[in-house]
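*Asks:* Here's a structure for you.
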Amino acid sequence: MAKLSENATKRNIHTVSLVVANKPGVLVRIAQVFARRGFNIDSLVVSPTVDPKFSSMTITSRGDAATLDQIIKQSAKLIDVIHVSEHKPEEAMEVELALYKVKGKSVTKVSISKSIKSYQAQIIDIAQDSIIIQQIGSTEELDTLEAILKKYGLVEMVRTGKVVMARGKEST
Amino acid sequence: MTTKKQSAKPMNGAEALIRCLENFGVEYIWGLSGGAAIPIFDALVGSKIKLILVRHEQGASHMADGYARATGKPGVVLVTSGPGATNTVTGIMTAHMDSVPMIVLTGQTISSMLGKDAFQESDIFGITMPIVKHSYLVKNTNDIPRVIKEAFYITNTGRPGPVLIDLPKDVTSATFTGTTLDPEMDLPGYTVPSKGNKNDILKLAKMFKGAKKPLLLIGHGAVISRAGKAIMELAEKLKAPITNTLLGKGAFPETHPLSLGMLGMHGTAYANKAVISCDLICSIGSRWDDRINGNPSEFCIGAKKLHIDIDPAEMGKILQPDASAVGDARLIVEELIKHVEPLNTDEWLKELNYLKKQYPLKYSHEKGLTAQYVIDELFKVTKGKAIVTTDVGQHQMWAAQFYLTDQCDYWITSGGAGTMGFGFPAAIGAQFGKPKDMVVAIVGDGGFQMTLAELSTAAIHKLPVKVLIIDNKYLGMVRQWQELFFDNRLSGVDLEGNPDFVKLAEAYGVKGFHIGKVEEANAVLTEAVNYNAGPCVIHAEVIKEDNVFPMIPAGKSAYHMIIEPPKTKLEKPTGST
């Protein structure tokens with residue numbers, strides 16, 4: 001895990017999680033804080049929380065740490081934002097889900113099904129000349145499988161973006 | 001409207017809205033009517049709130065702003081949808097940049113037409129999102145009281161800022177069936193820092209120990225929190241000199257011996273030299289903006305930097321402070337006083353007093369009537385007691401330099417936004433809020449022409465606002481830059497064809513005065529200051545090509561200050577504006 005963290009720091013990738021009030025416009029307000037300061041949002045996940053009044057957001061973004069500090073503070077200032085924090089990989093569980101569509105003959109399918117086993121992936125749909133594979137794992141694990149599947153004829157891919165939960169007593 | 005029979009009738013949303021505004025003590029609404037807002041204007045008939053009809057919605061927004069800055073109470077604006085709403089955008093941005101409490105009510109097309117390009121539909125909620133503290137698009141009539149209550153709370157607590165409320169016509173027309181006009185607020189994400197963390201304040205106090213050349217920098221936050229008395233006590237206990245930002249004028253009297261006046265791009269030479277040589281600088285409610293620091297990496301090198309601000313996002317935004325406290329400036333300073341000891345600053349004050357004598361602000365009559373002289377005379381004639389509003393440009397800087405401010409709320413200017421056209425309507429708003437005070441708008445010939453239609457508004461209400469037009473027939477600040485940095489290649493600055501402002505005033509039924517010569521200034525200003533039958537315009541035709549000094553070129557630090565007109569060509573500035 002420590003190695004992954006180092007990797008993420010090198011690429012200046014940050015994972016920010018927010019708890020927000022379910023009010024109209026809140027997503028736009030947050031996106032504006034990021035965009036104004038030149039941060040591209042790589043992935044964004046919005047989901048309900050235990051309390052239906054609030055939603056949780058996980059944003060993965062790229063940029064320098066000083067600017068990120070401003071982004072966090074400016075986001076926290078928004079009236080509808082309850083809580084914002086950046087998560088280091090070692091302090092939180094970070095998981096992503098991906099779907100891959102691979103074209104190929106039955107022979108290929110068999111060899112794929114063997115090679116994906118060690119990547120927490122499974123085939124969830126089999127069509128005449130293509131299959132859909134589902135994978136759940138870390139961003140890096142998804143990146144690795146993606147590279148492998150490209151060799152087999154990867155034609156489509158969709159990823160959810162990271163969802164994050166703080167470990168132990170900490171709340172996200 | 002308030003007879004028993006009618007009050008028993010069910011209210012509609014607009015009536016509930018106006019009732020809520022009355023309950024919050026709103027005295028005035030500045031606005032201009034239009035289709036989508038008709039139900040709200042209808043509900044104002046018979047209300048004790050006075051509706052001030054403006055001639056352009058931008059004027060309404062600046063009037064509300066001027067009122068808010070003069071009184072500390074939020075200004076309220078009411079306009080219609082579409083262009084009515086977008087015309088307030090400049091005013092909202094101006095209030096946002098300078099942390100001014102303001103509530104902007106915009107009519108909107110009916111809910112079922114939202115997003116369908118209805119007549120006069122504009123997504124004002126979306127358009128203004130980056131320039132408001134918060135905003136609402138009200139979907140249910142019964143939400144109106146909660147939204148209004150939250151808006152008043154948000155706009156004027158913490159770091160103040162404008163709140164926009166977009167009100168579809170069907171929402172204001174429908175019957176209000178709620179049970180109360182005073183519901184619970186629903187703001188789980190909004191907290192207001194108040195007195196600051198005790199340990200942080202102790203750390204600040206510790207930093208002062210042993211400082212030989214301390215400097216207090218006070219900004220708008222000090223004015224907003226009414227920290228004047230506390231700052232006076234702190235400065236006198238520490239024996240520390242004080243400099244203020246443009247918006248900090250008045251939080252500490254500029255006529256006080258410890259005051260160095262304004263610092264920054266067009267600040268006094270001695271304030272900027274103090275910035276260079278201080279060993280500690282403590283900002284109270286300023287945000288170290290680029291007019292002040294010039295270049296953050298060269299600002300106060302070697303000095304300890306302390307920062308007091310109510311907005312946690314200001315910490316480290318421009319400068320990384322050595323110690324800081326987040327909270328209300330007045331409360332933090334009051335606590336800080338208890339923990340600091342007097343410093344030995346005799347040498348430092350001696351040095352600064354020498355600089356004050358060596359580099360005074362000055363002007364001469366050599367070339368004719370100058371803006372500086374007119375403003376200086378105005379200061380003397382009014383004994384420094386007027387509430388002064390300004391527009392933006394050279395006259396603004398000269399007003400800041402020569403019209404010294406001794407009290408909070410007596411200096412109203414568009415600082416962060418630099419909005420031309422602000423000064424005159426802001427003066428109208430200030431005069432409504434402070435009817436017993438003398439209010440003078442010092443404006444340029446360029447800015448005044450952007451919002452002069454409000455002469456009608458001032459005339460109708462017989463407001464004794466005085467408008468001093470510093471007319472140099474140029475957009476002078478840009479002309480100054482072009483002269484100094486662009487080989488005097490003048491482009492887009494010549495205001496040839498200015499009207500005769502005295503005749504223009506008279507066309508509105510407004511008294512006009514004229515100053516053309518040095519010898520006339522005192523007598524004309526005296527007469528104008530004593531004219532209280534209604535508004536008056538004082539048209540001062542000053543020399544055309546004069547420059548504001550001192551000047552620190554944009555993007556440069558105080559080390560690069562130009563005190564005298566330069567004789568050699570200057571490099572183009574690296575800073576933005």
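*Asks:* Are any of the residues in the range B:29-48 within 20 Å of the chain's Cα centre (by Cα), surrounded by fewer than 18 Cβ atoms within 10 Å (Cβ to Cβ) and part of a helix (DSSP H, G or I)?
*Replies:* Within the range B:29-48 (the criterion being within 20 Å of the chain's Cα centre (by Cα), surrounded by fewer than 18 Cβ atoms within 10 Å (Cβ to Cβ) and part of a helix (DSSP H, G or I)), the answer is no, since none of the residues qualifies.
*Asks:* Out of the residues in the range A:75-108 meeting the condition of being farther than 29 Å from residue A:24 by Cα and in contact with a Phe, Trp or Tyr (Cβ under 9 Å, 6 or more places away or on another chain), tell me which one is farthest from the other protein chains (Cβ to nearest Cβ).
*Replies:* The extreme case among them is A:108.
*Asks:* Could you list, in sequence order, the residues of the range B:548-565 that are among the charged types (D, E, K, R) and within 14 Å of residue B:360 (Cα to Cα)?
*Replies:* If the condition is that a residue be among the charged types (D, E, K, R) and within 14 Å of residue B:360 (Cα to Cα), then B:564 is the only one that fits.
*Asks:* Taking into account only those residues within the range B:260-277 that are over 22 Å from residue B:395 (Cβ atoms) and not hydrophobic (A, V, I, L, M, F, W, C), which is surrounded by the fewest Cβ atoms within 10 Å (Cβ to Cβ)?
*Replies:* Among those residues, the one meeting the criterion is B:277.
*Asks:* For residues that are of a type in the set (A, V, I, L, M) and within 14 Å of another protein chain (Cβ to nearest Cβ), scanning just the range B:275-326, find the one that is nearest to residue B:160 (Cα to Cα).
*Replies:* B:310
*Asks:* Scan B:446, B:423 and give me the residue that is touching a Ser or Thr at 6+ places or on another chain (Cβ under 9 Å), surrounded by 24 or more Cβ atoms within 10 Å (Cβ to Cβ) and either at pLDDT 95 or above or not assigned by TED's automatic domain parsing to the domain that holds residue B:545 (or both). Talk me through it step by step, then tell me what you get.
*Replies:* Values: B:446 fails: touching a Ser or Thr at 6+ places or on another chain (Cβ under 9 Å).
Answer to the selection: B:423.
*Asks:* Give the number of residues within the range A:77-110 that are closer than 28 Å to residue A:168 by Cβ and basic (Lys, Arg).
*Replies:* Number satisfying all stated conditions: 1.
*Asks:* Let me ask something additional. Name the one entry in B:81, B:61 that is part of a loop (DSSP other than H, G, I, E, B) and either in contact with a strand residue (DSSP E or B) (Cβ under 7 Å, 6 or more places away or on another chain) or of a type in the set (Phe, Trp, Tyr) (or both).
*Replies:* It is B:81.
*Asks:* Now a separate question. Output the residue which, of all residues in the range B:364-412 that are assigned to a helix (DSSP H, G or I) and among the polar types (S, T, N, Q), is nearest to the chain's Cα centre (by Cα). Talk me through it step by step, then tell me what you get.
*Replies:* The first filter runs over the range B:364-412 and keeps only residues assigned to a helix (DSSP H, G or I), leaving B:371-381, B:394-402.
From what's left, among the polar types (S, T, N, Q): B:372, B:394, B:396, B:401.
Values: B:372: 21, B:394: 16, B:396: 12, B:401: 16 Å.
Looking at the filtered set, the residue picked out is B:396.
*Asks:* Go through (1) under 21 Å from residue A:162 (Cβ atoms); (2) surrounded by fewer than 18 Cβ atoms within 10 Å (Cβ to Cβ) for residue A:125 and report which single condition fails.
*Replies:* Answer for residue A:125: the failing condition is (1).
*Asks:* Can I ask one more? Just checking, does the range B:491-513 include any residue being within 28 Å of residue B:383 (Cα to Cα) and either of a type in the set (Ser, Thr, Tyr) or in contact (Cβ under 8 Å) with a residue 60 or more places away in the chain (or both)?
*Replies:* No.
*Asks:* I'd like the full set of residues that are touching a Ser or Thr at 6+ places or on another chain (Cβ under 8 Å) and either among the acidic types (Asp, Glu) or farther than 21 Å from residue B:15 by Cα (or both), limited to the range B:41-62.
*Replies:* Residues satisfying the conditions are B:54, B:55, B:56, B:57, B:58, B:59, B:60, B:61, B:62.
*Asks:* Moving on. Take the conditions under 30 Å from residue A:18 (Cβ atoms) and either over 19 Å from the mean Cα position of the chain (by Cα) or free of Cβ contacts under 8 Å to residues at least 40 places away in the same chain (or both) and apply them to residue A:141. Does it pass? It would help to see each step written out before you state the result.
*Replies:* On the way: under 30 Å from residue A:18 (Cβ atoms): yes; either over 19 Å from the mean Cα position of the chain (by Cα) or free of Cβ contacts under 8 Å to residues at least 40 places away in the same chain (or both): yes.
Criteria met by residue A:141.
*Asks:* I would also like to ask the following. Can you name every residue in the range A:52-69 that is out of contact with any helix residue (DSSP H, G or I) (no Cβ under 7 Å at 6 or more places or on another chain) and either polar (S, T, N, Q) or facing chain B (nearest Cβ under 10 Å) (or both)?
*Replies:* A:53, A:54, A:55, A:56, A:58, A:60, A:66, A:67, A:69 - these are the residues of the range A:52-69 that are out of contact with any helix residue (DSSP H, G or I) (no Cβ under 7 Å at 6 or more places or on another chain) and either polar (S, T, N, Q) or facing chain B (nearest Cβ under 10 Å) (or both).
*Asks:* Now for a separate question. Considering only the range B:184-229, state which residues are among the aliphatic types (A, V, I, L, M) and either within 14 Å of chain A (Cβ to nearest Cβ) or assigned to a loop (DSSP other than H, G, I, E, B) (or both).
*Replies:* Matches in the range B:184-229: B:185, B:187, B:192, B:211, B:227.
*Asks:* Here's another thing I want to ask about it. Somewhere in the range A:28-41, is a residue buried (at least 20 other Cβ atoms within 10 Å of the Cβ), within 9 Å of chain B (Cβ to nearest Cβ) and touching an Asp or Glu at 6+ places or on another chain (Cβ under 8 Å)?
*Replies:* yes
*Asks:* Within the range B:4-18, is there a residue that is in contact with a helix residue (DSSP H, G or I) (Cβ under 8 Å, 6 or more places away or on another chain), surrounded by fewer than 18 Cβ atoms within 10 Å (Cβ to Cβ) and either under 24 Å from residue B:448 (Cβ atoms) or at pLDDT 95 or above (or both)? Please lay out each step first, then the result.
*Replies:* So in the range B:4-18, the residues in contact with a helix residue (DSSP H, G or I) (Cβ under 8 Å, 6 or more places away or on another chain) come out as B:11-18.
Okay, now just the ones that are also surrounded by fewer than 18 Cβ atoms within 10 Å (Cβ to Cβ), so none.
No, the conditions are met nowhere in the range B:4-18.
*Asks:* A follow-up question, please. Is it the case that residue B:265 is in contact with a Lys or Arg (Cβ under 6 Å, 6 or more places away or on another chain), outside any helix (DSSP H, G or I), within 30 Å of residue A:53 (Cβ to Cβ) and among the hydrophobic types (A, V, I, L, M, F, W, C)? Step through it out loud before you land on a result.
*Replies:* Details: in contact with a Lys or Arg (Cβ under 6 Å, 6 or more places away or on another chain): yes; outside any helix (DSSP H, G or I): yes; within 30 Å of residue A:53 (Cβ to Cβ): no; among the hydrophobic types (A, V, I, L, M, F, W, C): yes.
Considered against the rule, which asks whether it is in contact with a Lys or Arg (Cβ under 6 Å, 6 or more places away or on another chain), outside any helix (DSSP H, G or I), within 30 Å of residue A:53 (Cβ to Cβ) and among the hydrophobic types (A, V, I, L, M, F, W, C), residue B:265 comes out as no.
*Asks:* Filter the range A:149-172 down to residues that are modelled with pLDDT of 90 or more and over 21 Å from residue A:93 (Cβ atoms), then give me how many there are.
*Replies:* The total comes to 7.
*Asks:* When residue B:417 is evaluated against the numbered criteria (1) touching a Gly at 6+ places or on another chain (Cβ under 9 Å); (2) under 21 Å from residue B:219 (Cα atoms); (3) surrounded by fewer than 20 Cβ atoms within 10 Å (Cβ to Cβ), which criterion, by number, is the only one it fails?
*Replies:* (1)
*Asks:* May I pose another question? Within the range A:27-50, can you find the residues that are in a loop (DSSP other than H, G, I, E, B) and either within 22 Å of residue A:95 (Cβ to Cβ) or under 17 Å from the mean Cα position of the chain (by Cα) (or both)?
*Replies:* Selection gives A:39, A:49, A:50.
*Asks:* Also: May I ask you to verify whether residue B:143 is of a type in the set (Asp, Glu) and within 14 Å of chain A (Cβ to nearest Cβ)? Step through it out loud before you land on a result.
*Replies:* Values: of a type in the set (Asp, Glu): yes; within 14 Å of chain A (Cβ to nearest Cβ): yes.
Yes: the conditions hold for residue B:143.
*Asks:* Looking at B:129, B:113, can you tell me which residue is within 13 Å of chain A (Cβ to nearest Cβ) and surrounded by fewer than 20 Cβ atoms within 10 Å (Cβ to Cβ)?
*Replies:* Values: B:113 fails: within 13 Å of chain A (Cβ to nearest Cβ).
None of the other options fit; the residue is B:129.
*Asks:* Take the residues in the range B:243-259 that are in contact with an Asp or Glu (Cβ under 9 Å, 6 or more places away or on another chain) and of a type in the set (A, V, I, L, M); name whichever of them is surrounded by the most Cβ atoms within 10 Å (Cβ to Cβ).
*Replies:* B:247
*Asks:* Next question, about the same structure. Counting only residues that are among the charged types (D, E, K, R) and closer than 30 Å to residue A:151 by Cα, how many does the range A:82-103 have? Write out each step before concluding.
*Replies:* Step one: list which residues in the range A:82-103 are among the charged types (D, E, K, R), which gives A:86, A:88, A:90-91, A:94, A:96, A:101, A:103.
Okay, now just the ones that are also closer than 30 Å to residue A:151 by Cα, so A:94, A:96, A:101, A:103.
Qualifying residue count, the range A:82-103: 4.
The values are calculated or read from the model by the stated rules, or taken from the named source; none is laboratory data. For clarity, every value in this text was computed on a predicted model and none was experimentally measured. Virtual Cβ from ideal backbone geometry, glycine too; neighbours counted across all protein chains shown.
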